[in-house]
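In what follows, a structure is listed as structure tokens, so that the remarks can point back to it.
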There are 2 protein chains.
Amino acid sequence: MPFYIGLDLGGTNIKGGVIDDRGKVKANDSVPTPSKEGPEAVIGAMVDLAHSVASQAGLDMAKIDGVGIGSPGPIDFENGVLASAPNIPEFNNVPLRDRIAKGTGRPTVLENDANAAALGEYWIGAGRDASIRHLITLTLGTGVGSGVVVDDQIIHGALGRGGEAGHMIVVPEGGRKCGCGQRGCLETYASASHTARRAEEAMEAGETSSLNQIREQRSVTAKDVFDAAKAGDTLANRLVNETAMYLGIACVNLSRLLDPQMIVLAGGMVQAGEFLIDRVREAFTSRSWAIMKDHVRIVGAALGNDAGIIGAAAVAWHDRT
Amino acid sequence: MPFYIGLDLGGTNIKGGVIDDRGKVKANDSVPTPSKEGPEAVIGAMVDLAHSVASQAGLDMAKIDGVGIGSPGPIDFENGVLASAPNIPEFNNVPLRDRIAKGTGRPTVLENDANAAALGEYWIGAGRDASIRHLITLTLGTGVGSGVVVDDQIIHGALGRGGEAGHMIVVPEGGRKCGCGQRGCLETYASASHTARRAEEAMEAGETSSLNQIREQRSVTAKDVFDAAKAGDTLANRLVNETAMYLGIACVNLSRLLDPQMIVLAGGMVQAGEFLIDRVREAFTSRSWAIMKDHVRIVGAALGNDAGIIGAAAVAWHDRT
């Protein structure tokens, strides 16, 4: 049976795991990212972690079919080079693919974490069914990450800047300011952080809400907004509906352009269950197309806590198959 | 030298041509579409036209490398079947690819006309440079057609319903009603017919404009709106700027998702020159991304009157290369 190592590089931790071809996690570990010690230390930690998880899984490294890396930051895919990593200073133009390949002796592929997440769901998550060859993930976290699989291929675009559905503009004028420099990006309505911020802003502007009690003690989170919406809070429900509306429009636009079979919503706001997803489906369906019947399935992510390492391992799997 | 036959099936006429591998039109003809006589008559006319243009080009049919068909309507790409054609009654589930292949004895490919237009520009039009492998066309006509080339492949999507950028929603709430059943589609702001209609509606609502003089005599056209804008008319300029804004947002969204090298604007509203394109570029640039430098080139179509047959021939070329 093939085994893959997934390495999920984050600003705080590096997670590593060995995954078999049916998606079973055979070993799973994590080390702090030595961000301040420079690129060589980070590379060394990643190589050590790969060897460590192989050993924990009782496997000789030679038995590993490939290593996949899920990484933040812009990537030069052709050369396997990480151009920069937002939370790891000095990590500029590091030939991460070849260095990990050298350190492990195994074929290695470098992918960004949003695309790795999409490949994880595609491999053994919500889109595991072999009939699925067109799948898009939207991960609602601090930002909105996305990964686009078209006919079994990840879309990188001409210079590797594609697959950024979170920065599609959904509000043409007077939209919220996004960290990317644009206004009205999907991310500014559908990320967890912006959802919390929209609640804070509405209360600052004088709107009443049960969330005001929380706000007196600490910052409101997206989870608070969803909990309040479920409990019937008017403001929270308006915000959740607005988030669902923009996600529904994003699903329409992705369907018109790429006609996927499945759109997978991931991230903490979705883990709460079908609450948000139901409203997104409704927003999608209520706008839907008279010309041809829509067939896309809008579903929640199937992978949970291990999504990072499974996604990274999926990068290796996808490259080897 | 390879030669290709392009057949451009329209509701009124069938156009046919023989194109060589450098894009030279060796023969070019057209016959009325016998729409009312049923599918067999239409197929017969297409086969006859193919033989006729080959003969006009002085070529034996055996010298033709392939036949490409550009056709309206939803297509079953796998089976080469035209599901329906809006302006040709009774044309339902016609195995057009195989029937034309049989009638000509040459390999035949069926593609929709918007995708054929994209392949034409990709082959020997604005995107002819071999370094271009990611190109999107937006054709601004009665509707807004689009064709999406990603890494040398046309995007059809899971069930052949992709590549419909004209039906991406750019106005989330209260947008214009589109023929497709949605509201706020790009098409309702950027097609020639909707541009004319928006002018009519504004004048009906009491806005003053030099276009009112035309309106007393006949229906206003998109060309009238652009002519008036160039002459300084305030309403016409507002409408052109609005059209450019939504096209600019569409270019942003296409770039975020697919990172193309080139977006080609085609159709009558663009043939007028750089007037609209300049404003679209400005709308794009003014929204643009701080995270990575944008590189996409927004340009006008290079193919003129023969775009239909060249696009259809490009379908055959793309399939044979």
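The values are calculated or read from the model by the stated rules, or taken from the named source; none is laboratory data. Quick caveat, the model's predicted, so the values are computed rather than measured. Every residue, glycine among them, receives a Cβ derived from its backbone with ideal geometry; neighbour counts consider all protein chains shown. SASA here: full protein model, heavy atoms, side chains in, ligands and nucleic acids out. Shrake-Rupley method; radii C 1.70, N 1.55, O 1.52, S 1.80 Å.
Quick check on my filter: what residues within the range A:4-30 are open to solvent by less than 30 Å² (accessible area, probe 1.4 Å), over 22 Å from A:PRO89 (Cβ atoms) and among the hydrophobic types (A, V, I, L, M, F, W, C)? Hits for the range A:4-30 are A:ILE5, A:VAL18, A:ILE19, A:ALA27. Suppose we keep only residues that are closer than 15 Å to B:ALA45 by Cα and touching a residue at least 12 places away in the same chain (Cβ under 8 Å) within the range B:99-124. Which one would you say is surrounded by the fewest Cβ atoms within 10 Å (Cβ to Cβ)? Among residues in the range B:99-124 that are closer than 15 Å to B:ALA45 by Cα and touching a residue at least 12 places away in the same chain (Cβ under 8 Å), the one surrounded by the fewest Cβ atoms within 10 Å (Cβ to Cβ) is B:GLY103. Taking the criterion of being touching a Ser or Thr at 6+ places or on another chain (Cβ under 9 Å) and under 15 Å from B:ARG97 (Cα atoms), the residues of the range B:23-45 that qualify are B:VAL42, B:ALA45.
Applying the criterion of being over 13 Å from A:ASP259 (Cβ atoms) and free of Cβ contacts under 8 Å to residues at least 60 places away in the same chain to the residues of the range A:289-299, the residue that is surrounded by the most Cβ atoms within 10 Å (Cβ to Cβ) is A:ILE298. If you go through the range A:226-243 and pick out every residue that is within 14 Å of another protein chain (Cβ to nearest Cβ) and surrounded by fewer than 23 Cβ atoms within 10 Å (Cβ to Cβ), you end up with 3. Starting from residues that are in contact (Cβ under 8 Å) with a residue 24 or more places away in the chain and in a helix (DSSP H, G or I), keep the ones in the range A:78-98 and report whichever is most open to solvent (accessible area, probe 1.4 Å). Checked the range A:78-98; the qualifying residue most open to solvent (accessible area, probe 1.4 Å) is A:ARG97. Among the residues of the range B:74-90, those that are in contact with a helix residue (DSSP H, G or I) (Cβ under 6 Å, 6 or more places away or on another chain) and under 16 Å from B:GLU111 (Cβ atoms) comprise B:GLY80, B:LEU82. Is it the case, given these coordinates, that B:ALA302 is surrounded by fewer than 18 Cβ atoms within 10 Å (Cβ to Cβ), more than 14 Å from every other protein chain (Cβ to nearest Cβ) and within 30 Å of B:PRO107 (Cβ to Cβ)? Yes: the conditions hold for B:ALA302. The set of residues in the range A:167-188 being more than 8 Å from chain B (Cβ to nearest Cβ) and within 25 Å of A:TYR122 (Cβ to Cβ) consists of A:CYS185, A:LEU186, A:GLU187. Of all residues in the range A:240-276, those that are modelled with pLDDT under 95, assigned to a helix (DSSP H, G or I) and under 16 Å from A:VAL225 (Cβ atoms) total 5. The set of residues in the range A:180-228 being out of contact with any His (no Cβ under 8 Å at 6 or more places or on another chain) and closer than 17 Å to A:LEU138 by Cβ consists of A:GLY184, A:TYR189, A:ALA190, A:SER191, A:ALA192, A:SER193, A:HIS194, A:THR195, A:ALA222, A:PHE226. Taking the range B:286-299 as the search range and keeping residues that are assigned to a loop (DSSP other than H, G, I, E, B) and more than 18 Å from B:TYR122 (Cα to Cα), which one is nearest to the other protein chains (Cβ to nearest Cβ)? Checking each candidate, the answer is B:ALA290. One residue stands out in the range B:252-278 among those that are open to solvent by less than 10 Å² (accessible area, probe 1.4 Å) and touching an Asp or Glu at 6+ places or on another chain (Cβ under 9 Å): the one that is nearest to the other protein chains (Cβ to nearest Cβ), namely B:ASP259.
Checked against (1) in contact (Cβ under 8 Å) with a residue 60 or more places away in the chain; (2) out of contact with any helix residue (DSSP H, G or I) (no Cβ under 8 Å at 6 or more places or on another chain), B:SER71 passes all but condition (2).
Can you pull out every residue in the range A:212-231 that is assigned to a loop (DSSP other than H, G, I, E, B) and in contact with an Asp or Glu (Cβ under 8 Å, 6 or more places away or on another chain)? Hits for the range A:212-231 are A:SER219, A:VAL220. Looking across the range A:1-38, the residues that are touching a residue at least 40 places away in the same chain (Cβ under 8 Å), in a loop (DSSP other than H, G, I, E, B) and charged (D, E, K, R) come down to A:ASP21, A:ARG22.
If I filter the range A:164-173 for residues that are touching a helix residue (DSSP H, G or I) at 6+ places or on another chain (Cβ under 8 Å) and in a strand (DSSP E or B), do I get at least one hit? Yes; the residues of the range A:164-173 include at least one that is touching a helix residue (DSSP H, G or I) at 6+ places or on another chain (Cβ under 8 Å) and in a strand (DSSP E or B). Residues that are of a type in the set (D, E, K, R) and open to solvent by 50 Å² or more (accessible area, probe 1.4 Å) were ranked within the range A:162-179; the one that is farthest from B:ALA290 (Cα to Cα) is A:GLU173.
Within the range A:39-55, is there a residue that is at pLDDT below 95, in a loop (DSSP other than H, G, I, E, B) and buried (at least 20 other Cβ atoms within 10 Å of the Cβ)? No, there is no match, as no residue in the range A:39-55 is at pLDDT below 95, in a loop (DSSP other than H, G, I, E, B) and buried (at least 20 other Cβ atoms within 10 Å of the Cβ). For the range B:125-145, the tally of residues that are farther than 25 Å from A:ILE155 by Cα and open to solvent by 10 Å² or more (accessible area, probe 1.4 Å) stands at 3. Mind counting the residues in the range B:284-307 that are closer than 20 Å to B:ASP129 by Cα and among the small types (Gly, Ala, Ser)? Residues meeting the conditions: 5.
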